[in-house]
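The values are calculated or read from the model by the stated rules, or taken from the named source; none is laboratory data. Just so it is clear, the model here is predicted, and its values are computed rather than measured. Because the Cβ atoms are built from the backbone with ideal geometry, glycine has one as well, and the counts that use them run over all protein chains shown. Just so you know, the surface numbers come from the protein's heavy atoms only, side chains and all, with ligands and any DNA or RNA stripped out. Shrake-Rupley method; radii C 1.70, N 1.55, O 1.52, S 1.80 Å.
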Amino acid sequence: MAAALLAAALLSSPARAAEDGGAVKLVAFGDSLSAGYNLPAEEAFPAVLEAALRKEGYHVDVTNAGVSGDTASDGLARVGWSLADGADAVILELGANDMLRGLDPEVARGALDAILQELRTRKIPVLIAGMKATPSLGKEFKERFDPIFPQLAEKYDALLYPFFLDGVMGDPSLTLKDGVHPNKAGVERIVAGILPSVRALLDRLGQKAATTR
């Protein structure tokens with residue numbers, strides 16, 4: 001009985017929350033960049049994004065499903081139980097650790113492809129938050145890694161925000177001392193940049209802001 005109920009919850013229509021009048025459940029599925037590494041929970045990407053969306057009048061809850069250190073393969077291994085409470089839409093932010101560790105880009109591609117296939121099976125719309133390789137890894141690596149995200153977005157008809165750290169990477173005023181993870185101001189910059197793409201994701205669910213932008 002429990003298994004049947006769980007399966008029903010996972011396979012339900014992504015428009016369920018809107019139809020029932022409840023909040024749309026948006027899951028930020030990623031690594032430390034979206035999880036809020038070394039930040040209070042209220043300053044992490046999911047909380048700041050939720051606040052921005054609610055300010056615009058969206059009835060949405062953003063769940064933090066980020067795990068520090070996760071590669072794309074790690075994300076694939078936990079995608080099932082991470083969505084056990086259901087999701088109406090997902091922001092997929094993985095690949096940074098694959099890149100930083102210099103792992104074979106085809107491994108990351110395969111894992112992300114499998115995650116997107118799983119989300120398609122569950123009829124969950126996706127916004128891919130892409131990553132770009134640092135030049136220090138060399139031209140060949142960058143040419144193999146960077147196209148992963150736009151190519152998978154095209155394959156799965158997913159929305160794409162090309163670079164999650166756009167405007168943040170390389171700016172010490174927007175990162176922690178490690179020069180990689182966003183600080184409070186960095187998270188706010190990320191949210192401001194990705195917000196139009198998230199609106200487009202919510203549009204796919206039939207969700208409109210209650211206020212005029």
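Please report the spacing between the Cα centers of the range 135-206 and the range 37-68 in Å, no decimals. Spelled out, the Cα-based centre of one part sits 16 Å from the other.
Can you find, among 38, 156, 96, the residue sitting farthest towards the positive end of the charge dipole of the chain, where Lys and Arg contribute +1 and Asp and Glu -1 at Cβ? Towards the positive end, the residue furthest out is 156.
Stretching the chain fully between residue 23 and residue 78 yields a gain of 17.4 nm (0.36 nm per residue, less the alpha carbon separation). Can you tell me the orientation of helix 72-82 relative to the chain, as the angle in degrees between its alpha-carbon axis and the longest Cα principal axis, to the nearest 10? Long axis of 72-82 versus the principal axis of the chain: about 20 degrees. Solvent-accessible surface of the range 38-170, averaged per residue with a 1.4 angstrom probe and all protein chains in place: 43 square angstrom.
The simple Förster model, with R0 at 22 Å and r as the Cβ-Cβ distance, assigns residue 38 and residue 171 a FRET efficiency of 0.80. Only one of the listed values, (1) 18.6, 73; (2) 16.0, 46; (3) 16.7, 53, was derived from the coordinates as Rg and Dmax of the Cα atoms in Å; which label is it? Given (1) 18.6, 73; (2) 16.0, 46; (3) 16.7, 53, the structure-derived one carries the label (3). Simple spin-label estimate for residue 155 and residue 185 gives 3.9 nm between the two label positions (7 Å along the Cα-to-Cβ direction from each Cα).
In the chain, the longest principal axis of the Cα atoms and the axis of helix 105-121 are about 10 degrees apart.
For the chain, the number of Lys pairs separated by eight or more positions or lying on different chains, with C-alpha atoms closer than 27 Å, is 18.
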